[in-house]
1. Show me the strands (runs of 3 or more DSSP E) entirely contained within the stretch 136-218 in which 1 or more residues are crowded, with 19+ Cβ neighbours inside 10 Å, of a type in the set (D, E) and in the same structural domain as T284 (by TED's automatic domain parsing).
2. Quick one: would you say V291 is in contact with a His (Cβ under 6 Å, 6 or more places away or on another chain) and on the phi < 0 side of the Ramachandran plot?
3. Do you know which of the residues in the stretch 387-410 that are exposed (fewer than 14 other Cβ atoms within 10 Å of the Cβ) and either assigned to a loop (DSSP other than H, G, I, E, B) or touching a residue at least 60 places away in the same chain (Cβ under 8 Å) (or both) is nearest to the chain's Cα centre (by Cα)?
4. Identify, please: which residue in the stretch 67-93 is among the polar types (S, T, N, Q) and not in a loop (DSSP other than H, G, I, E, B) and is, among those, nearest to the chain's Cα centre (by Cα)?
5. Where the second residue is charged (D, E, K, R) and the first is within 10 Å of F315 (Cα to Cα) and lies in the stretch 328-349, which pairs have Cβ atoms under 9 Å and are six or more apart or on separate chains?
6. Applying the selection to the stretch 308-330, what residues are part of a strand (DSSP E or B) and under 24 Å from the mean Cα position of the chain (by Cα)?
7. Considering the stretch 89-114 alone, what residues qualify as being in contact with an Asp or Glu (Cβ under 7 Å, 6 or more places away or on another chain) and more than 30 Å from C236 (Cβ to Cβ)?
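The values are calculated or read from the model by the stated rules, or taken from the named source; none is laboratory data. Remember, it's a predicted structure, so these values are computed and weren't measured experimentally. FYI the Cβ positions are ideal-geometry reconstructions off the backbone, even for glycines, and counts take in every protein chain you see.
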Amino acid sequence: MKETELRQALNDAITGCQLSPYRKCQILAQMKGENEPVKKKMTVSLAVVIAVLILTLGAAVALMHSNIADHLYRYGGEAPDALLAQIQTPQETAATPSGSLTLDELLYDGRALHTSVTLSNPTDELLLYTVDELSLGNLPLDRTGGDLLMEGAGSAGVLLGGTVDGIPLPESYVLYHEATYGHLLDENGKYLGQAAIPQGEHILRLTVTVWRPIQTPQIVDYRAYEGENPNETRQCLVTDETGYCNLWLFRPEDAYRAYNASQSGSEMYAEVFRQLGWAEGVDTLTLEVPVTLSSEGVQLAKPTQTSYQLDGCTFTLTSFQLSHAGGQLEGDLTGDPQAVRQLLRDGLQLVDREGRRLLNNGSYWGDMEDGKPVHLTMMLSPISGELPKEVWLAPAKEMNSQWDPLFAGPTYDPDAPVPEDAISIYRLDYERGCRMEME
């Protein structure tokens, strides 16, 4: 094959992928068989190089469409290469005649474990799938973020295959899950507390129950029930056009089952579902995958100190982690009780002032009792681009949802004036706040 033909073949093969000119020349030289004078050896080398190239490009293309990255950056921004490099793609599957369960991706960011799973229905009949277990070794994982389906039969499931009200439902469903801690249990299943996600080698276990509907399901628009308790019982499963199935909204109050660590969600609700005419269990999918979790290579922004002075009080960090996947801040506010109350009332925010990025993705705090520290917890948003060299913790002095289309929604007015110092929907009072330098 001539060099021009090889070059064109290479360019065609890597369309849509980014490789440096040096790497392109390197692959081209290998494909040409340079320094391989024996024709037979060149043929073997060419086959190996093409195979490696296909695998490499396949992985690159897969990560270009990463479900974990898409979820983390669903509100804007692009996943940085540093984060994409940490995403593992096990592609391990467990299958039975009634369904398949695939672990597509996982990401450990040094604090949280992110997983992406695909559920599929290979049959022609309509089936319900609920998640019973997601555990790391003997540690059941909590749901910090992601699909409500991961909370099990007591909360939600997904209907796949077949049709409902003449509408064909999807044959597969992709779930995203984020866990920042697990539940410690004793040998009798008694809850002992929380535990951080442990690093090292583990078995990740995922169990899904498959149900067959008893009565024909119905399609509803769940938006009509937002913020409401309909106080009505449905004698069939209720779903939307995506197959998502809310399993508590139309369930009678006396059908609630208290959490029992010795039973799975499907075991707890099997009789309830049968009595309501919703579904009966027909199969179980169990997937066990060896995984290695390590913070090596994870880029982190870390404060250079732990104690900071705010307006009338002191803020002492007890933990802080910020990576490209997000993070969490925790600390105690002490000092003048009135000053502490006022700061929290005004709304403490964490921002990258130079990069004009709002880092606070939700916060909460403990009881405010005079003379006692107030514990503050703040969830931090994923970072696109470089991690900040410094951040600011400061109260808001003005807020307007029209300054950010993400918050304004359909009422957003692009012509509305926005203050030059606004970050997202806030103008902050930096004189009452503190600057945190990062390592």
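1. Values: elements: 156-160, 172-179, 181-185, 191-196, 200-213.
The qualifying strands (runs of 3 or more DSSP E) are 172-179.
2. Numbers: in contact with a His (Cβ under 6 Å, 6 or more places away or on another chain): yes; on the phi < 0 side of the Ramachandran plot: yes.
Judged against the criteria, V291 is a match.
3. L406
4. Residues of the stretch 67-93 that are among the polar types (S, T, N, Q), as a first pass: 67, 86, 88-89, 91, 93.
With not in a loop (DSSP other than H, G, I, E, B) added as a condition, the list becomes 67, 88, 93.
Values: N67: 9, Q88: 14, T93: 20 Å.
The extreme case among them is N67.
5. Correct list of pairs: T334/K372.
6. Of all residues in the stretch 308-330, those part of a strand (DSSP E or B) come to 308-310, 313-323, 326-330.
Residues satisfying the conditions are S319, F320, Q321, L322, S323, G326, G327, Q328, L329, E330.
7. Result: T89, Q91, L103, A112, H114.
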